[in-house]
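Working notes, beginning with the structure itself.
The values are calculated or read from the model by the stated rules, or taken from the named source; none is laboratory data. Quantities reported herein were computed from a predicted structural model and do not represent experimental measurements. Quick reminder, even Gly has a Cβ in these numbers, built from the backbone with ideal geometry, and neighbours come from all protein chains shown.
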Amino acid sequence: MAPDLVVVGGGPVGLAAAMAARERGLEVLVVDREMPPIDKPCGEGVMPEGVSVLNQLGIHPTGQGVPFRGIRFAEDGLAVEAAFTAGHGLGIRRTRLHQLLIDRAGETGVAMRWGEPVTRISRGRVELGGRSVACRWVIGADGRGSRIRRWAGLRAPSNAPRRIGLRQHFSVAPWSDFVEVHWNDHGQAVVTPVSSEETCISILTSEARLRMPQLVELFPEIRRRLEGAAPSSEARGALCGSSVMRSVVGDGVALVGDAAGTVDALTGEGLSLGLREAVALADAIALDKPGKYQAAHRRIRRMPRVMARLMLSVGERKSLRRRVLRGLISQSRIFAYMLGMHTGTLSARDVPLGALAGFVREMFARDSFEDGDVG
Ligand SMILES: Cc1cc2nc3c(=O)[nH]c(=O)nc-3n(C[C@H](O)[C@H](O)[C@H](O)COP(=O)(O)OP(=O)(O)OC[C@H]3O[C@@H](n4cnc5c(N)ncnc54)[C@H](O)[C@@H]3O)c2cc1C
């Protein structure tokens with residue numbers, strides 16, 4: 001029987017879209033050019049709303065990763081942390097997450113073909129391995145450089161300044177149950193616990209000439225933690241900046257996950273947004289209302305995009321970064337509210353005005369200013 005959907009790209013988001021569509025009674029084929037389990041440079045932290053989609057899809061990764069309670073920001077002796085208002089995040093090796101998704105997709109009746117690149121699409125047809133498969137919908141889940149997007153004639157995303165992300169694992173036990181984001185003038189280093197004896201470090205920077213060992217040297221607290229720890233994977237890099245797409249639905253084609261635009265890896269939201277979009281897409285296709293998906297996509301991405309822009313502009317100037325950090329330390333509730341807004345559990349209206357005023361006061365207090373600051 002011809003599938004209703006051919007999902008091009010069997011990464012986490014493509015598999016989630018396929019499972020969500022199967023749950024709604026659709027026949028689905030997933031095609032990926034690589035053999036599983038597929039690895040990819042990633043910080044490997046799934047935010048709570050992403051964990052909740054995994055659970056909805058019947059994936060309960062207990063014992064396969066490390067739960068984390070919230071986020072900690074740190075720079076040069078200053079640090080602030082906040083716990084999530086609901087649920088927990090999950091640090092998990094990419095290959096382990098991929099295998100869990102594949103196993104569950106198989107159980108739900110998703111057909112999968114691995115090691116077969118899709119070479120062309122036309123209205124209601126997908127070409128792979130010299131064959132042509134007919135379907136009602138082609139789903140482009142083929143990642144940041146999506147060819148489905150190009151073949152479908154959908155406008156390329158507008159790109160923000162490009163940053164790269166390098167990721168490497170180290171044999172060192174997690175030292176915190178928070179995901180840590182360390183800041184400096186070169187970028188950010190994100191620390192995610194992924195097992196009881198392994199930690200994932202990803203470094204996000206515009207300085208493409210630097211390699212992982214040189215980048216780690218730039219973050220003294222992390223360097224100290226990693227002293228004597230052996231790397232347990234090769235360092236791998238990828239582009240990690242934001243890109244925005246206006247339209248993610250075309251004639252018989254819809255895009256999802258990174259193929260439909262990206263948020264800077266600093267947000268730690270790429271997987272969670274893609275997983276949420278996967279469910280919204282399956283709902284819209286099952287109802288035969290693709291416009292609903294277009295609207296949901298815009299809604300799901302709005303806040304993380306704003307937060308990414310905010311964090312990156314604050315991150316650019318050391319004096320501003322440190323003032324914000326001091327403000328957050330003095331009013332740590334504000335950091336908790338920001339995290340709640342970022343993950344979609346709170347809105348700007350929930351922020352207590354007294355704490356906000358205290359945060360602003362501390363930011364502009366004379367003794368918060370660094371040497372050389374005006375004020
Ligand atoms: C350095 C870095 C750190 C990150 N950290 C985090 C983090 O901590 N948390 C988080 O949530 N997100 C993070 N992200 C983002 C996250 O990795 C992505 O958002 C996520 O991988 C997107 O998944 P996807 O399924 O859309 O795409 P992908 O994982 O890229 O999957 C696309 C799939 O399509 C296949 N494909 C491509 N072309 C074809 C073709 N022609 N035919 C068949 N198959 C094809 C590929 O083989 C691949 O398997 C990070 C990203 C980077 C770069």
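Do we find that residue 271 is more than 6 Å from the ligand (Cβ to nearest atom) and either surrounded by fewer than 24 Cβ atoms within 10 Å (Cβ to Cβ) or assigned by TED's automatic domain parsing to the domain that holds residue 135 (or both) in this structure?
no
Would you please list the contacts, defined by Cβ atoms under 6 Å and residues six or more apart or on different chains, that run from a residue in the range 93-109 that is outside the structural domain of residue 169 (by TED's automatic domain parsing) and under 13 Å from residue 54 (Cβ atoms) to a residue that is of a type in the set (A, V, I, L, M) and not in a helix (DSSP H, G or I)?
98/38; 100/59; 104/59
Has the range 88-97 got any residue that is part of a helix (DSSP H, G or I) and either touching a helix residue (DSSP H, G or I) at 6+ places or on another chain (Cβ under 9 Å) or aliphatic (A, V, I, L, M) (or both)?
Looking for residues that are part of a helix (DSSP H, G or I) and either touching a helix residue (DSSP H, G or I) at 6+ places or on another chain (Cβ under 9 Å) or aliphatic (A, V, I, L, M) (or both), one finds at least one in the range 88-97, hence yes.
Taking the criterion of being part of a helix (DSSP H, G or I), out of contact with any strand residue (DSSP E or B) (no Cβ under 7 Å at 6 or more places or on another chain) and under 30 Å from residue 340 (Cβ atoms), would at least one residue in the range 244-257 satisfy it? First the steps, then the outcome.
Step one: filter the range 244-257 for residues part of a helix (DSSP H, G or I), giving 257.
Retained after the next criterion (residues that are out of contact with any strand residue (DSSP E or B) (no Cβ under 7 Å at 6 or more places or on another chain)): 257.
Cutting the leftovers down to under 30 Å from residue 340 (Cβ atoms) gives us 257.
Yes - at least one qualifying residue is present in the range 244-257.
Yes or no, residue by residue, for (1) among the β-branched types (Val, Ile, Thr); (2) assigned by TED's automatic domain parsing to the domain that holds residue 258; (3) more than 15 Å from residue 89 (Cβ to Cβ); (4) within 19 Å of the chain's Cα centre (by Cα):
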residue: 31; (1), (2), (3), (4): yes, yes, yes, no
residue: 39; (1), (2), (3), (4): no, yes, yes, yes
residue: 42; (1), (2), (3), (4): no, yes, no, yes
residue: 47; (1), (2), (3), (4): no, yes, no, yes
residue: 53; (1), (2), (3), (4): yes, yes, no, yes
residue: 56; (1), (2), (3), (4): no, yes, yes, yes
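Do we have residue 187 as under 15 Å from the mean Cα position of the chain (by Cα), of a type outside the set (Val, Ile, Thr) and buried (at least 22 other Cβ atoms within 10 Å of the Cβ) here?
no
Go through the range 20-38 and count every residue that is assigned to a loop (DSSP other than H, G, I, E, B) and either hydrophobic (A, V, I, L, M, F, W, C) or more than 9 Å from the ligand (Cβ to nearest atom) (or both).
Final tally of qualifying residues: 7.
Going by the conditions given, is residue 286 touching a His at 6+ places or on another chain (Cβ under 9 Å), part of a helix (DSSP H, G or I) and either among the small types (Gly, Ala, Ser) or within 11 Å of the ligand (Cβ to nearest atom) (or both)?
No: the conditions fail for residue 286.
Please specify each residue of the range 258-278 satisfying the condition of being touching a strand residue (DSSP E or B) at 6+ places or on another chain (Cβ under 7 Å) and part of a loop (DSSP other than H, G, I, E, B).
261, 268 - these are the residues of the range 258-278 that are touching a strand residue (DSSP E or B) at 6+ places or on another chain (Cβ under 7 Å) and part of a loop (DSSP other than H, G, I, E, B).
Results for (1) acidic (Asp, Glu); (2) under 21 Å from residue 3 (Cβ atoms), shown as yes or no for each residue.
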residue: 249; (1), (2): no, yes
residue: 252; (1), (2): no, yes
residue: 256; (1), (2): no, yes
residue: 260; (1), (2): no, yes
residue: 268; (1), (2): no, no
residue: 278; (1), (2): no, yes
residue: 283; (1), (2): yes, yes
residue: 287; (1), (2): no, yes
residue: 291; (1), (2): no, no
